[in-house]
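Everything on this sheet refers to the single structure shown next.
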Amino acid sequence: MNLRFYRHEDGRITSRMLGPVHGPYEVELPAPAGACEIPAEVALAEIASHEADRDKWVAEQERKVDAQQKADYDELLRLGMNETTARRLTGYQGKAARDGH
């Protein structure tokens, strides 16, 4: 198997895999239109960097959702709603409020 990586004009990285060729044939694998071949090490490093950035972004979004759920839950409790309903409405799954709700 022969795996090749390409960078497109818009910055995307794609790959193509050429399977085994039997016989005395040599197969050329041209780059996709508007792309140039890049070394596997460069492509894999950039892909890993993008994945790490994505993972950080996802974790930050989850923290924001958790904080908003907690704030909404606390506000509903403050307004007198029972804990079970406040949890169901907000999706909050953290620790129970300390004031006994």
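The values are calculated or read from the model by the stated rules, or taken from the named source; none is laboratory data. For clarity, every value in this text was computed on a predicted model and none was experimentally measured. Reconstructed Cβ throughout: ideal geometry from the backbone, glycine too, with neighbour counts over all protein chains shown.
Considering (1) modelled with pLDDT of 90 or more; (2) more than 21 Å from the chain's Cα centre (by Cα), the lone condition that residue 46 does not fulfil carries the number (2).
Enumerate the pairs (first residue in the range 26-55 and assigned by TED's automatic domain parsing to the domain that holds residue 14; second residue anywhere and part of a loop (DSSP other than H, G, I, E, B) and loosely packed, with under 10 Cβ neighbours inside 10 Å) with beta-carbon separation below 6 Å, excluding pairs fewer than 6 apart on the same chain, so at least 6 apart or on different chains. Short answer, once both residue conditions are applied: 34/9.
Checked against the criterion of being modelled with pLDDT under 95, in contact with a helix residue (DSSP H, G or I) (Cβ under 9 Å, 6 or more places away or on another chain) and of a type in the set (Gly, Ala, Ser), the candidates 31, 97 yield just one match: 97. Counting only residues that are in contact with a strand residue (DSSP E or B) (Cβ under 7 Å, 6 or more places away or on another chain) and closer than 16 Å to residue 44 by Cβ, the range 1-29 holds 12 of them.
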